[in-house]
Amino acid sequence: RKEVEQDPGPFNVPEGATVAFNCTYSNSASQSFFWYRQDCRKEPKLLMSVYSSGNEDGRFTAQLNRASQYISLLIRDSKLSDSATYLCVVNTPRGGATNKLIFGTGTLLAVQP
Amino acid sequence: DVKVTQSSRYLVKRTGEKVFLECVQDMDHENMFWYRQDPGLGLRLIYFSYDVKMKEKGDIPEGYSVSREKKERFSLILESASTNQTSMYLCASSEGSGGYTFGSGTRLTVV
């Protein structure tokens with residue numbers, strides 16, 4: 001079983017739609033959670049951290065359910081510029097490591113005009 | 001903003017060559033990482049370092065080594081390049097338990 005699993009995608013949605021991505025992680029000791037965005041042939045960039053109480057940044061809302069080991073990202077009013085791959089990322093301690101991130105394989109979003 | 005710079009955007013090397021990939025960060029971060037990214041497999045950690053001259057193996061260290069002689073520089077070395085090391089290589093740095101900042105990547109082709 002992969003440590004971080006995401007929806008396979010791709011998601012093809014019209015402009016203005018609301019789209020949700022889901023992610024599960026296997027290690028209950030995981031401490032920090034993030035969503036990254038990666039454009040085609042570019043490096044991943046931090047989109048937002050995910051907090052236990054849930055957090056919002058404009059059109060983007062992230063949720064964390066520690067009991068179910070589940071993370072979500074909701075994008076409202078999708079824009080063409082939201083088209084990218086979204087990576088679910090988990091910080092899982094391993095043998096004293098202070099900060100090592102495990103990446104999901106990503107979900108491709110294509111927003112259509 | 002933190003800047004992470006990778007020395008080459010594209011590289012083509014021959015099988016058996018020794019290859020050096022360089023990464024420099026300008027924000028005095030202690031933690032540096034090397035990943036490779038392949039379609040369907042996502043990002044996989046090769047090596048990482050928490051301090052100068054310190055290194056630890058990631059999930060796929062075979063065929064690679066690293067060097068961190070200065071805090072700002074973390075080098076990835078392919079001792080004898082093979083075709084299965086054709087990939088996108090991404091360097092990242094971080095401070096504490098926060099998110100990473102990535103370099104723009106090096107697309108390596110081994111022929």
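When peptides B:58-70, B:9-21, B:30-42 are ranked by their average number of other Cβ atoms within 10 Å per residue, the highest-first order is B:30-42, B:58-70, B:9-21. Please flag any cysteine in the protein assembly as shown that has no other cysteine's Cβ under 4.7 angstrom from its own Cβ. Cys with no partner Cβ under 4.7 Å: A:CYS40.
Counted over region B:1-55 with a bin width of 5 Å, the fraction of Cα pairs per bin, in whole percents, is 4, 13, 19, 25, 22, 11, 4, 0. In straight-distance terms, cross-link reach from B:LYS70 covers every one of the aspartates and glutamates whose alpha-carbon lies under 20 Å from its own, apart from those fewer than eight places away in the same chain; here that gives B:GLU22, B:ASP26, B:ASP28, B:GLU30, B:ASP51, B:GLU56, B:GLU95. Measuring nothing but protein heavy atoms, the accessible surface of chain A at 1.4 Å probe radius is 49 percent carbon and sulfur. Accessible surface ranking for A:SER49, A:SER78, 1.4 angstrom probe, highest first: A:SER49, A:SER78.
Partners of B:LYS18 within straight-line reach, counting lysines whose Cα lies under 17 Å from its Cα and excluding those fewer than 8 residues away in the same chain: none found. Peptide B:99-106 has a mean shielding of 6, counted as Cβ atoms of other protein chains within 10 Å of each residue's Cβ. Compared with the alpha-carbon gap, the fully stretched path from B:SER67 to B:MET54 is longer by 3.8 nm at 0.36 nm per residue. How fast does the protein assembly as shown diffuse by Stokes-Einstein, in µm²/s, taking the Kirkwood radius from C-alpha pairs at 4 °C and 1.567 mPa s? Rounded, D is 72 µm²/s. Relative contact order, whole percent, for chain A stands at 36, derived from Cα pairs under 8 Å and 6 or more residues apart. Distance from the C-alpha centroid of region A:32-107 to that of region B:39-53: 18 Å, rounded to the whole angstrom.
Heavy-atom accessible area with a 1.4 Å probe sorts A:PHE11, B:PHE74, largest first, into A:PHE11, B:PHE74. The solvent-accessible area of B:TYR47, taken with every protein chain present and a 1.4 Å probe, is close to 20 Å². The mean count of C-beta atoms from other chains within 10 Å of the C-beta of residues in A:100-108, rounded to a whole number, is 5. Set Lys and Arg Cβ to +1 and Asp and Glu Cβ to -1, take the dipole of chain B about its Cα centre, and tell me which of B:PHE74, B:MET54, B:ASN84 lies farthest positive. Ranked along the dipole, the leading option is B:ASN84. Using a probe radius of 1.4 angstrom, the carbon and sulfur fraction of the accessible surface of region B:61-111 is 48%. Over the C-alpha atoms of region A:22-113, the Rg to Rh ratio, Rh being the Kirkwood estimate, stands at 0.98.
What relative contact order, as a whole-number percentage, does chain B give when Cα pairs under 8 Å and 6 or more residues apart are counted? So the answer I get is 36 percent. Taking a straight Cα-Cα cut-off under 20 Å and skipping sequence neighbours fewer than 8 places away in the same chain, the lysines within cross-link reach of B:LYS71 are A:LYS100, B:LYS3, B:LYS53, B:LYS55, B:LYS57. Shape index of chain B: Rg/Rh, with Rg the Cα radius of gyration and Rh the Kirkwood radius from the inverse mean 1/r over Cα pairs, equals 0.94. Using +1 at the Cβ of each Lys and Arg and -1 at the Cβ of each Asp and Glu in region A:1-48, identify which of A:ASN12, A:LEU46, A:CYS23 lies farthest towards the dipole's positive end. Farthest towards the positive pole: A:LEU46.
The values are calculated or read from the model by the stated rules, or taken from the named source; none is laboratory data. Keep in mind the model is a prediction, meaning the values are calculated, not measured. Because the Cβ atoms are built from the backbone with ideal geometry, glycine has one as well, and the counts that use them run over all protein chains shown. Quick note on the areas: whole protein, heavy atoms, side chains included, nothing else; ligands and nucleic acids left out. Shrake-Rupley method; radii C 1.70, N 1.55, O 1.52, S 1.80 Å.
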